[in-house]
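> This is the structure I have questions about; it appears just below.
The values are calculated or read from the model by the stated rules, or taken from the named source; none is laboratory data. It should be emphasised that the depicted structure is a prediction, and the values quoted were computed from it without experimental measurement. Here the Cβ positions follow ideal geometry from the backbone for every residue, glycine too, while neighbour counts run over all protein chains shown. All accessible areas refer to the heavy atoms of the entire protein, side chains included, with ligands and DNA or RNA removed. Shrake-Rupley method; radii C 1.70, N 1.55, O 1.52, S 1.80 Å.
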Amino acid sequence: AQTVTQSQPEMSVQEAETVTLSCTYDTSESDYYLFWYKQPPSRQMILVIRQEAYKQQNATENRFSVNFQKAAKSFSLKISDSQLGDAAMYFCAYLEYGGSQGNLIFGKGTKLSVKP
Amino acid sequence: GAVVSQHPSWVICKSGTSVKIECRSLDFQATTMFWYRQFPKQSLMLMATSNEGSKATYEQGVEKDKFLINHASLTLSTLTVTSAHPEDSSFYICSARWASGSLDTQYFGPGTRLTVL
C-alpha cells in the first residue's frame, strides 16, 4: 500500500525568507500524481501545486516550487519570499495514476508558521 | 480553478437528530466525490468514496448506516449523519474529483463543522 510521510510536524520561517517542507512516499507504481495542499486557519483545503510523475521537470507556481526526486521518492515544497498568508498546515498527497477510485493518500501534515 | 461548495458551513444539533450536508461541484462535473472527517490538528481521514448513480464505498470502520451518502448527480453528493451523537462532532470535508485526459485532481469544499449537543 502507498504511504506518504511528512517528517516535520512544525516549521517556522521569517517573512520574506525561503522554507522547504519535506515529503517522502512509498509506492511500487511508476505513474502517479503528487500534490501539495494548504489548509489555512479557515480549514479550506487549497491546491498549491501538482506534479505528474512522468514529468521530469519540477512544477512551479509563482513562489511555490517542488523538488521531485522520483528515484528517491521525495517531493519537497519550496516556498520563496514567504508571506504571512502562507502560514497554514501543508499536506503532501499521492494519487495513483488512472486509479478507478482516485482517492488521495495524505501525509500527516506540516504546520508552517511565518514570523513577521 | 474548480470550485466546490459545501453547505452548511456549520451546524449544531441535538443528540438523536439527523443532519444532512451537501457538496456541490459548481463549475465541473465530478466523476467521483469523497467525504472526509478531520479531527483537530490531524490529517484528513477518508470516510467514503461516492460515484454518481451507484452505492458509496465506505472505508473500514465507517458505519454505512450512520453516514448515509447519496450521489444523485455529477455535481451533487450528500452526507447524512443519522441519529447523531456527541462523538460524531467533527469537521467534515468533501472533495470532488476532476479527471480529464492526463489530469486528475481533487478540489475541496470549505468544510462543515458539526456539533452535536
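> Scan segment B:39-52 for residues that are open to solvent by less than 70 Å² (accessible area, probe 1.4 Å) and out of contact with any Gly (no Cβ under 7 Å at 6 or more places or on another chain) and report the count. Spell out how you get there, then give the answer.
Applying the first criterion (open to solvent by less than 70 Å² (accessible area, probe 1.4 Å)) to segment B:39-52 yields B:43-44, B:46-51.
Among the residues that remain, those that are also out of contact with any Gly (no Cβ under 7 Å at 6 or more places or on another chain) are: B:44, B:46-51.
Number satisfying all stated conditions: 7.
> A:A72 passes all but one of (1) under 16 Å from the mean Cα position of the chain (by Cα); (2) among the small types (G, A, S); (3) open to solvent by less than 50 Å² (accessible area, probe 1.4 Å); which number fails?
The single condition A:A72 does not satisfy is (3).
> Starting from residues that are touching a Leu at 6+ places or on another chain (Cβ under 8 Å) and not aliphatic (A, V, I, L, M), keep the ones in segment B:79-92 and report whichever is surrounded by the fewest Cβ atoms within 10 Å (Cβ to Cβ). So that I can check it myself, show each step before the final result.
Going through segment B:79-92, the residues touching a Leu at 6+ places or on another chain (Cβ under 8 Å) turn out to be B:79-82, B:84, B:86, B:88-92.
Of the ones still in play, those that are also not aliphatic (A, V, I, L, M) are B:80, B:82, B:86, B:88-92.
Details: B:T80: 15, B:T82: 15, B:P86: 9, B:D88: 19, B:S89: 16, B:S90: 18, B:F91: 17, B:Y92: 23.
Among those that are touching a Leu at 6+ places or on another chain (Cβ under 8 Å) and not aliphatic (A, V, I, L, M), it is B:P86.
> Let me ask something additional. So A:D81 ticks every box in (1) more than 17 Å from A:S22 (Cα to Cα); (2) open to solvent by less than 10 Å² (accessible area, probe 1.4 Å) but one. Which box is left unticked?
Among (1) more than 17 Å from A:S22 (Cα to Cα); (2) open to solvent by less than 10 Å² (accessible area, probe 1.4 Å), the lone unmet condition for A:D81 is (2).
> If I ask for residues that are at pLDDT 85 or above and either touching a helix residue (DSSP H, G or I) at 6+ places or on another chain (Cβ under 6 Å) or over 19 Å from B:A56 (Cα atoms) (or both), which ones from segment A:97-116 would you list?
Those that are at pLDDT 85 or above and either touching a helix residue (DSSP H, G or I) at 6+ places or on another chain (Cβ under 6 Å) or over 19 Å from B:A56 (Cα atoms) (or both): A:F106, A:G107, A:K108, A:G109, A:T110, A:K111, A:L112, A:S113, A:V114, A:K115, A:P116.
> Another question, then. Among the residues of segment B:51-72, are any within 14 Å of chain A (Cβ to nearest Cβ), aromatic (F, W, Y) and under 19 Å from B:V4 (Cα atoms)?
No.
> Report, by residue number, each residue of segment A:1-54 that is without any contact (Cβ under 8 Å) to a residue 12 or more places away in the chain and among the charged types (D, E, K, R).
Hit for segment A:1-54 is A:R43, nothing else.
> Can we say A:F91 is modelled with pLDDT of 95 or more and either within 14 Å of chain B (Cβ to nearest Cβ) or surrounded by fewer than 20 Cβ atoms within 10 Å (Cβ to Cβ) (or both)? Before you say what the answer is, go through the steps one by one.
Numbers: modelled with pLDDT of 95 or more: yes; either within 14 Å of chain B (Cβ to nearest Cβ) or surrounded by fewer than 20 Cβ atoms within 10 Å (Cβ to Cβ) (or both): yes.
The answer is yes for A:F91.
> Just to verify a result, which residue in segment B:53-68, among those that are closer than 25 Å to A:V4 by Cβ and touching a strand residue (DSSP E or B) at 6+ places or on another chain (Cβ under 7 Å), is surrounded by the most Cβ atoms within 10 Å (Cβ to Cβ)?
In the first step, residues of segment B:53-68 are kept if they are closer than 25 Å to A:V4 by Cβ; the result is B:56-62, B:67.
Now drop any that are not touching a strand residue (DSSP E or B) at 6+ places or on another chain (Cβ under 7 Å), which leaves B:56-59, B:62, B:67.
Details: B:A56: 21, B:T57: 17, B:Y58: 18, B:E59: 14, B:V62: 17, B:F67: 19.
For segment B:53-68, the residue satisfying everything is B:A56.
> May I pose another question? Every residue in segment A:1-30 that is of a type in the set (A, V, I, L, M, F, W, C) and within 11 Å of chain B (Cβ to nearest Cβ), please.
Taking segment A:1-30 as the starting set, the residues that turn out to be of a type in the set (A, V, I, L, M, F, W, C) are A:1, A:4, A:11, A:13, A:16, A:19, A:21, A:23.
Once the filter is applied, which keeps residues that are of a type in the set (A, V, I, L, M, F, W, C) and within 11 Å of chain B (Cβ to nearest Cβ), segment A:1-30 yields only A:V4.
> In segment B:93-117, what residues are of a type in the set (V, I, T), within 11 Å of chain A (Cβ to nearest Cβ) and surrounded by fewer than 21 Cβ atoms within 10 Å (Cβ to Cβ)?
Step one: of segment B:93-117, the residues of a type in the set (V, I, T) are B:93, B:105, B:112, B:115-116.
Right, trim to within 11 Å of chain A (Cβ to nearest Cβ) and you get B:93, B:105, B:112.
Hit for segment B:93-117 is B:T105, nothing else.
> What about B:Y36, is it within 25 Å of A:T110 (Cα to Cα), hydroxyl-bearing (S, T, Y), open to solvent by less than 10 Å² (accessible area, probe 1.4 Å) and facing chain A (nearest Cβ under 10 Å)? Explain how you work it out, then say what you get.
Details: within 25 Å of A:T110 (Cα to Cα): yes; hydroxyl-bearing (S, T, Y): yes; open to solvent by less than 10 Å² (accessible area, probe 1.4 Å): yes; facing chain A (nearest Cβ under 10 Å): yes.
Criteria met by B:Y36.
> A:Y32 - would you say it is hydroxyl-bearing (S, T, Y), crowded, with 16+ Cβ neighbours inside 10 Å and touching a Lys or Arg at 6+ places or on another chain (Cβ under 7 Å)? Don't jump to the end; show me each part of the working.
Working: hydroxyl-bearing (S, T, Y): yes; crowded, with 16+ Cβ neighbours inside 10 Å: yes; touching a Lys or Arg at 6+ places or on another chain (Cβ under 7 Å): no.
No.
> How about segment A:17-29: which of its residues are in contact with a Ser or Thr (Cβ under 7 Å, 6 or more places away or on another chain), part of a loop (DSSP other than H, G, I, E, B) and open to solvent by 10 Å² or more (accessible area, probe 1.4 Å)? If you could, list the steps in order and put the result at the bottom.
Of the residues in segment A:17-29, the ones in contact with a Ser or Thr (Cβ under 7 Å, 6 or more places away or on another chain) are A:17-26.
Still in the list and also part of a loop (DSSP other than H, G, I, E, B): A:17-18, A:22-23.
Hits for segment A:17-29 are A:E17, A:T18, A:S22.
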